Every structure is written in structure tokens, then in C-alpha cells.
Amino acid sequence: MDKMDMDRSADSSGDTTDSELPSHPGDALRHRYVSTNANARAVVTTERTGLPKYVLHFILEGHKAGVTNVKFSADGQWIATSSADKTIKIWHADDGEYETTIEGHGRGINDIAWSPDSKVLASASDDKTVRIWNVMSGRILRTLRGHTNYAYSVDFNPKGNLIASGSFDESIKIWDVKKGVCLRTLPAHSDPVSAVHFTRDGTMIVSCSHDGQIRLWDTSTGQCLKTLIEDNNSPVSCVRFSPNGKYLLSGALDSAVRLWDYLKGRCVKTYQGHKNEKFICVSTFSTTRGVWVVSGSEDGRIFFWDVQTKDVVQILDGHKDVVLAVDAHPTKNLLASAGLDGVVRIWMER
Amino acid sequence: MNLLLLDPFALSQEYPENLTHTLNYGHSTCIKFNRKGDYLASGLIDGTVIVFDFETYGIARVLRGHTRPVQSLSWSRDGRYLLSSSRDWKCILWDLKDGSREKTVRFESAIWGAELHPFNHQIFITALLDDAPTLVDFSDGTIRKHLLSSTPLQKDDEDDEDEEDADADRRERKHDKQSTLVATFTRSGQYIFAGTSKGWLNVIDSETLQTVRSEKLTTSNIKHICFSISGKQFLVNSSDRTIRLYNTPDLTYVDPVDWDIDIVHRFQDVVNRLQWNSVAFSSNGDYVMASTYQDAHDIYIWETTVGSLVKILEAPREEIVDVQWDPNRTLVAATGLDNGTIYVWATVTPQRWSALAPDFVEVEENVEYEEREDEFDIIPDEIANKRKLDQEDDDEVDVVTIERVRGEFSEESFVIPVLLEEDDETFDSSDSD
């Protein structure tokens with residue numbers, strides 16, 4: 001077969017050359033595609049979908065300090081970015097146009113979460129509060145006070161009536177969104193809680209902490225259901241459920257991203273190759289075309305791994321500093337990444 | 001999804017034992033869970049209908065429209081619509097998406113109760129005080145009322161041995177004036193079971209609106225008829241202080257004339273000879289519960305296979321009027337008569353300490369630990385890691401396909417949007433717990 005030349009800008013993975021590529025990423029293919037990169041490491045794709053080919057689509061600039069998190073809304077129309085400059089900015093997801101800035105927090109913001117109806121945003125900040133905002137008007141709807149130290153992470157449940165927040169004060173609080181009061185405080189960990197995430201049906205919360213533990217909690221009773229620890233006890237910087245809720249994806253400060261089967265209680269896949277030893281670099285799934293695990297790295301690059309084979313299938317260059325957050329669009333082949341350089345990059349796959 | 005991780009011993013508790021919550025918002029007269037059991041509708045004495053969110057025990061919606069006490073509540077199958085009937089002679093169908101009134105139907109007399117068709121929220125059946133029971137249908141836009149008969153069907157089989165008995169029976173069916181006090185749909189919506197003031201059960205076909213079968217169950221008023229969630233059994237509560245449990249006959253394949261309406265058990269309080277205010281089935285149909293009249297302040301729970309009394313739940317100082325069992329959990333809600341408080345009984349499970357570390361196991365007795373051969377071998381880190389990583393290559397992971405877990409409620413249930421803007425609602429919340 002001819003060697004087909006694919007569109008690639010200088011920003012994308014400069015270290016993969018592909019031969020015998022399909023003309024259509026969505027084709028059901030029967031062949032295995034083998035390609036070599038500059039390090040002579042064979043990159044093997046899954047049998048059907050081919051390699052990810054993300055290229056830079058646009059850049060969102062405007063934040064005055066490092067961007068801590070970037071999230072697509074549930075309906076896929078908006079991008080929200082939170083930053084150490086105490087603001088949240090809202091952008092259009094299709095063309096990157098800036099929409100509005102939400103201000104009100106007293107200190108830098110660590111995490112944001114969209115409500116399931118994409119109308120309301122929750123943010124956790126170093127000012128020890130979690131605030132709920134109306135996205136379009138920028139108005140603050142509720143201020144959730146109760147944490148005694150920095151609020152690190154926040155998540156809405158799928159019904160939109162509960163919020164879970166993890167904090168530097170080693171606890172997780174479950175809040176009633178409508179009344180704005182704390183329903184339950186879980187004495188979760190013995191070190192700062194770095195991430196919280198609800199399952200698809202809202203019955204369980206997973207949390208991880210700098211003490212190296214990942215814990216599963218029952219939402220209605222607040223009891224701990226399971227604890228997972230990796231042998232070397234390195235701090236776990238982020239955790240989330242897989243799209244079907246059967247696996248957990250965690251990133252730890254020993255430069256490894258792990259996939260856990262929590263019913264068996266053990267790690268089933270380890271993804272390595274990136275550098276993560278100091279900062280919280282978020283890792284996530286990209287499932288719109290192939291099934292990839294994506295994570296930012298402290299050297300400014302973004303890594304894609306194949307979920308099954310654990311091979312690095314793409315590396316994106318472009319950020320000038322640590323990439324703190326990545327997020328995949330719910331339906332389109334879009335990826336957002338943000339980091340300490342204050343710039344948000346949107347990558348697209350045609 | 002938490003069912004696989006929960007303690008199986010805790011999950012096997014069949015009925016609740018502890019009073020866990022008290023909801024105080026207005027004076028509640030009747031309550032009803034939706035199909036999934038995550039929302040509870042409560043009708044107040046001033047006509048307001050409140051929808052409680054049972055995940056937060058807070059208020060999800062306040063629906064104002066009735067001016068007199070609410071008589072009955074009925075949810076649609078998908079949980080989006082709620083039908084309330086009130087002593088102001090009106091039935092209102094509420095759309096819970098925004099709390100608006102989808103339909104208001106006025107009647108010429110007071111209403112005993114109204115119930116929505118199990119599959120179509122545009123059809124409902126009402127039992128009226130001074131009028132015939134009415135089937136209301138507004139599927140085509142206009143409100144159509146169809147009056148149904150309260151007179152029992154004439155039995156015309158010839159194998160009655162005694163001519164005089166047959167004559168007396170026929171006379172009784174034809175001339176005994178009676179009114180229908182309660183009417184409910186069967187689980188498929190195919191028939192309507194109506195109970196009258198003389199103790200007759202009339203089965204009416206919901207398509208043809210003709211009475212297809214009548215059976216005399218008791219001599220006094222029938223106050224409630226309710227079906228179990230599976231529809232296989234039904235309960236009849238009547239003024240003669242007895243609750244009767246029947247097996248539902250085969251409604252689909254057998255002709256109405258051949259139905260066997262067999263009584264399974266009679267539940268009564270032989271000691272105090274009390275009336276029963278309200279009855280309900282448990283979520284799995286294995287238990288029946290009923291609230292007692294006046295001074296007793298109790299809820300009795302019987303087990304249906306043998307018919308024995310298994311539990312008495314006591315309410316603090318209040319007579320219990322309406323009882324409801326959550327369709328998916330072991331949870332019971334009941335309203336009090338004097339204050340209109342809603343009491344919630346649930347199961348309380350202690351924390352399993354084995355969940356706090358991956359290698360903790362709960363054991364019944366001391367276990368001798370057997371060391372492995374290689375327990376104390378010193379393996380350099382690189383080799384140990386490589387061994388672990390190689391083991392991982394064999395695992396197949398699927399992170400995308402969604403699997404249904406047995407025991408979970410998997411049907412689509414309407415989620416009431418959370419209203420956060422201050423001008424959306426004005427109410428002074430005075431609820432506790």
C-alpha cells in the first residue's frame with residue numbers, strides 16, 4: 001500500500017510516523033498498524049480504531065496566573081477554566097470564543113465542576129469555601145462554608161442535588177445543593193484529600209489523598225466501602241471512575257497512572273512514560289473514538305495511552321510548563337489541556 | 001452500583017427498625033412515594049403539595065393550587081406527573097419539571113380518591129362521594145368523563161343449588177343501593193378494582209367500562225384496596241376491622257367469570273379489636289403493614305406467607321394515619337394525625353471496619369496465619385515491579401460498556417430539576433433533621 005501523508009501540524013506528536021494508515025479513522029479495520037517513533041519504540045494500536053491524531057485547534061488566553069483546571073460542560077457547549085488568579089472563565093467549546101468571567105472567590109481556585117444540566121458551576125477554592133454560580137449571569141447562588149482548610153476538589157452527583165467536596169483539612173463534605181448546607185462530613189483520610197468523584201448513578205463517591213489511599217464511600221450512609229493502596233504509598237493526586245463505573249483511574253506522584261478494578265481490589269493496568277512527582281496532574285479517559293487514557297505531565301507534554309496495551313500512542317507538545325489538567329469532550333474528538341503557563345490549549349482530531 | 005460492595009447481611013434486613021428522620025413541613029395528611037422511591041409527595045391540610053427529595057430529606061417542589069385538604073396523591077410511571085385530589089372537589093395533574101398545573105378537573109361532588117393509570121398519565125379513575133365512580137380521559141386534549149356503575153354484576157350461572165338463595169343473591173345485587181368508596185387500577189391497567197360501601201368488589205374493564213365480575217368480600221365499607229408491586233396479591237381494608245389478603249387471579253388469560261378470588265390471610269388485632277387506618281405492602285410483597293386507630297400509635301407488620309405478626313413500629317405520641325413503604329428500599333414513611341409530621345423508619349447498618357484497609361478481613365474466630373514460602377524473600381524493586389507489570393498484560397479491561405447490576409432500579413425515572421434562584425420560590429422552611 002502507498003504511504004499516505006496525513007495532515008499534521010508541527011505541534012502534534014512529532015515522533016510518530018505512520019505507514020499504511022486508513023483513510024477514515026472510523027473504519028473497522030482488520031490489520032494491525034505498527035509504527036516506530038524516534039526512540040525506536042514500537043507503538044501498537046488496537047485492532048480497530050487506529051492511533052489518535054490530535055492536533056492543536058485553538059488557544060485560549062486570558063488568565064493572569066496558572067490555570068488549575070479545565071472542564072467541558074455536560075452538554076458539550078462550554079468550557080470552564082479555573083485559575084490561581086481567583087477567576088473562572090467560560091468559553092465556547094466549538095470556536096474557543098470567550099464568553100464571560102466569574103469572580104468572587106477570595107483566593108485561587110483549585111477545582112470546578114459542571115452541574116448535569118450545564119447551567120450551574122461549582123468551584124472549590126483556597127479561601128476554604130465551595131461556591132455555586134449561575135454560569136450565564138455569573139451570579140453566586142450558594143456559598144458552602146464549613147471546611148477548615150483549602151477546598152481542593154468538588155463534584156456534582158448525576159442528579160444535581162448533591163455536591164461532594166474534598167479538602168486540605170482531610171475530610172470530605174457532602175452538601176445539599178438547594179439549601180446550601182452540609183449534610184455529612186466524612187472523616188476520609190489522614191492527609192489532604194486531592195480528588196472526589198461520583199459514580200454514574202450517584203450511589204458511591206471515590207476519594208484519594210496524599211496518604212496514598214483511595215477510598216470508596218456510600219453516598220447515602222457516608223460509610224467507607226473499600227480502601228485501595230498501592231505498595232509504595234506514594235501520594236495519589238487524582239482519581240475518577242471509568243465511564244461504566246467499574247474501574248478507577250488514579251494518578252500518583254511516582255509518575256504512574258493506574259487503572260484499578262475495585263471489586264477485585266487490585267491494580268489491573270499501569271501507564272508510565274510521563275513525569276509526575278510534584279504537582280497534581282489530572283488524568284482522564286477519552287472514549288469518543290478509541291479508548292485512551294490521557295494525562296498531563298510535568299515536562300509540558302500530554303500523553304495518550306492505549307487502555308488495553310498500556311502503550312504510549314501519542315504525545316502532544318506545546319505547553320511551556322507543567323500541564324495540570326486535561327479534559328475530553330463528551331461527544332466530539334476534542335481535548336482541552338491547561339497548565340501553569342496560564343494558557344489553555346484545545347486539541348482536535350479530524 | 002454500591003450493592004456489590006455493601007455488607008450482604010445488612011442488605012438482607014427485610015423491614016426497618018429504627019426511627020431515623022422526622023420531616024416537619026406543614027401538616028401532612030397523605031403521602032406517596034414515586035416508583036423509584038427517591039421522591040415522596042406529601043399533601044398538606046391547607047391544600048399545598050410538597051415533594052421531598054429523599055436523598056437530601058429536603059424539599060424539591062412546593063405545589064400550590066388546592067384550597068382544602070389534600071385527599072390522595074398518585075404518581076405517573078415515569079415520575080414526572082403527580083395527580084392530587086382534594087376536598088375542594090378538584091383534581092390537579094402537576095408537571096414536576098417546572099411545578100405547573102398540567103390539567104385541572106372539577107367534579108360535582110367531594111372526592112374520596114383519585115389514581116392515575118399505571119401507564120398513561122392522561123387517564124385516571126376517581127371515587128366520588130355522591131356520584132358514580134368516574135374514569136377521566138384527556139388523551140385527546142378534551143376532558144372526557146365516563147361514569148362507571150357501582151351496582152354489582154348479576155351472576156347468571158345455573159349451578160346454584162338453592163333457588164331461594166340465588167333469588168336472594170340476585171335481589172341483593174340489584175337493589176342494594178351502594179356507592180363506590182375506593183377505585184384502583186390493576187398493575188397492567190387492564191381492569192379497575194372498585195370497592196363499595198356494602199363490601200362488594202366490582203371489577204370493571206378499563207376499555208369497555210363494563211363491570212365484568214363482582215364478589216362480596218365483606219359486609220361493611222371497603223376503605224382501601226391496594227396491590228403489591230408485582231401485582232400478584234392485593235389487600236382489602238374494611239370497616240369490620242379486618243384486613244384481607246387475596247391472590248390476584250390471572251387477569252390476562254382467564255375469563256372474568258372463571259376467576260378465583262381466594263383469600264390468603266385475614267389480619268386483625270384480636271386483643272384490642274382496633275380499626276386500621278391505612279394499609280400497604282412491603283417493597284418485595286413479603287410483608288403487609290397497617291396503622292392503628294386512635295390510642296395505639298403503632299404500625300403493625302405481618303409476614304404474608306404464614307400470616308404472623310413480626311414487628312410493631314411505635315410512633316412517638318401520635319396516631320399514625322397514612323403509611324407508605326419505599327418501593328426500592330427498606331424504608332417506611334408515615335404521617336401523624338395531630339401534627340402532620342412525617343416519620344421515617346429505616347435500617348441502620350454499622351460501619352464495616354474491614355473496608356478501611358485492603359488487607360483487613362472480618363473473621364469469626366482466631367485464624368492461624370500460614371506464611372507463604374517467599375514471604376520474607378528480599379526481591380530487588382525493579383524485578384518486583386517488572387513481575388507486577390507483566391502480570392497486568394493478561395488482563396482485559398472494558399471501561400466503556402455499562403452493565404446492569406441485579407437488584408438495582410434501572411428504569412428511567414424523572415429527576416426533578418433543582419431550583420437555585422432565590423426568586424423561584426418563596427417559602428419559609430421550618431423543617432428539621
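The values are calculated or read from the model by the stated rules, or taken from the named source; none is laboratory data. This structure is a prediction, so every number in the text was calculated from the model and none was measured. Cβ sites come from the backbone with ideal geometry, for glycine too, and all protein chains shown count toward neighbours. Side chains included, ligands, DNA and RNA excluded: accessible areas come from the protein's heavy atoms. Shrake-Rupley method; radii C 1.70, N 1.55, O 1.52, S 1.80 Å.
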Looking only at the stretch B:399-412, how many residues end up being open to solvent by 70 Å² or more (accessible area, probe 1.4 Å) and facing chain A (nearest Cβ under 9 Å)?
3
Which residue out of A:16, A:45, A:81, A:49 is of a type in the set (Ser, Thr, Tyr), at pLDDT 90 or above and open to solvent by less than 40 Å² (accessible area, probe 1.4 Å)?
A:81
If residue B:367 meets every condition in (1) within 14 Å of another protein chain (Cβ to nearest Cβ); (2) β-branched (Val, Ile, Thr); (3) in a loop (DSSP other than H, G, I, E, B) apart from one, which number is that one?
(1)
Restricting attention to the stretch A:137-175, the residues that are in a loop (DSSP other than H, G, I, E, B) and among the β-branched types (Val, Ile, Thr) number exactly 1
Residue count, the stretch B:324-357, condition over 14 Å from residue B:21 (Cα atoms) and over 20 Å from the mean Cα position of the chain (by Cα), comes to 11
Residue under question is residue A:291, and the condition is that it be open to solvent by less than 10 Å² (accessible area, probe 1.4 Å) and β-branched (Val, Ile, Thr); does it hold?
no
Scan (1) touching a helix residue (DSSP H, G or I) at 6+ places or on another chain (Cβ under 8 Å); (2) in contact (Cβ under 8 Å) with a residue 40 or more places away in the chain; (3) of a type outside the set (Lys, Arg) for the single condition residue B:362 breaks and write down its number.
(2)
List the strands (runs of 3 or more DSSP E) inside the stretch B:1-112, counting only whole elements, that have at least 2 residues being among the hydrophobic types (A, V, I, L, M, F, W, C), surrounded by fewer than 21 Cβ atoms within 10 Å (Cβ to Cβ) and on the phi < 0 side of the Ramachandran plot.
B:58-63
Scope the stretch B:55-78; condition farther than 15 Å from residue B:92 by Cα and in contact with a Lys or Arg (Cβ under 9 Å, 6 or more places away or on another chain); matching residues
B:55, B:56, B:58, B:59, B:60, B:77, B:78
Reported set for the stretch B:314-372 where residues are open to solvent by less than 10 Å² (accessible area, probe 1.4 Å) and of a type in the set (Phe, Trp, Tyr) is B:345
Considering only the stretch A:204-227, how many residues are closer than 17 Å to residue B:348 by Cα and part of a loop (DSSP other than H, G, I, E, B)?
5
Got at least one residue in the stretch A:287-307 being in a strand (DSSP E or B), at pLDDT 90 or above and within 8 Å of chain B (Cβ to nearest Cβ)?
no
Restricting the first residue to the stretch B:305-322 and requiring it to be free of Cβ contacts under 8 Å to residues at least 60 places away in the same chain and assigned to a loop (DSSP other than H, G, I, E, B), which pairs with a second residue that is of a type in the set (A, V, I, L, M) and open to solvent by 20 Å² or more (accessible area, probe 1.4 Å) meet a Cβ separation below 7 Å and a spacing of at least six or different chains?
B:318/B:337; B:319/B:337
Top-ranked residue in the stretch A:294-327 [being of a type in the set (Ser, Thr, Tyr) and touching a residue at least 40 places away in the same chain (Cβ under 8 Å); ranked as surrounded by the fewest Cβ atoms within 10 Å (Cβ to Cβ)]
A:309
If I ask for residues that are among the charged types (D, E, K, R) and either modelled with pLDDT of 90 or more or buried (at least 23 other Cβ atoms within 10 Å of the Cβ) (or both), which ones from the stretch A:255-267 would you list?
A:258, A:261
Take the stretch A:233-248 and flag every residue that is within 9 Å of chain B (Cβ to nearest Cβ) and small (Gly, Ala, Ser).
A:242, A:245
(1) within 16 Å of residue B:399 (Cα to Cα); (2) within 10 Å of chain B (Cβ to nearest Cβ): which one isn't true of residue A:222, the others all being true?
(1)
Residues satisfying the stated conditions in the stretch A:203-252, i.e. small (Gly, Ala, Ser) and either open to solvent by 10 Å² or more (accessible area, probe 1.4 Å) or closer than 25 Å to residue A:324 by Cβ (or both):
A:207, A:209, A:212, A:220, A:222, A:234, A:237, A:242, A:250, A:251, A:252
Whether any residue in the stretch A:269-281 is more than 9 Å from chain B (Cβ to nearest Cβ), small (Gly, Ala, Ser) and part of a strand (DSSP E or B) is what I want to check.
no
Looking at the stretch B:341-350, can you tell me whether even one residue there is modelled with pLDDT of 90 or more, of a type outside the set (A, V, I, L, M, F, W, C) and assigned to a loop (DSSP other than H, G, I, E, B)?
yes
Please go through (1) in a strand (DSSP E or B); (2) facing chain B (nearest Cβ under 8 Å) for residue A:197 and return the number of the only condition it doesn't satisfy.
(2)
Against the condition in contact with a Leu (Cβ under 7 Å, 6 or more places away or on another chain) and closer than 19 Å to residue A:347 by Cα, how does residue A:300 come out, does it pass?
no
Which of the residues belonging to the stretch B:203-228 are open to solvent by less than 40 Å² (accessible area, probe 1.4 Å) and over 19 Å from residue B:118 (Cα atoms)?
B:211, B:212, B:213, B:214, B:217, B:218, B:220, B:222
Count of residues meeting criterion [under 26 Å from the mean Cα position of the chain (by Cα), in a strand (DSSP E or B) and in contact (Cβ under 8 Å) with a residue 40 or more places away in the chain] in the stretch B:129-147:
2
I'd like to verify a number: residues in the stretch B:116-130 that are of a type in the set (D, E, K, R) and buried (at least 22 other Cβ atoms within 10 Å of the Cβ), how many?
0
Six or more apart or on different chains, Cβ under 8 Å: which pairs go from a residue in the stretch A:230-245 that's outside any loop (DSSP other than H, G, I, E, B) to one that's of a type in the set (Asp, Glu)? Could you list them?
A:236/A:230
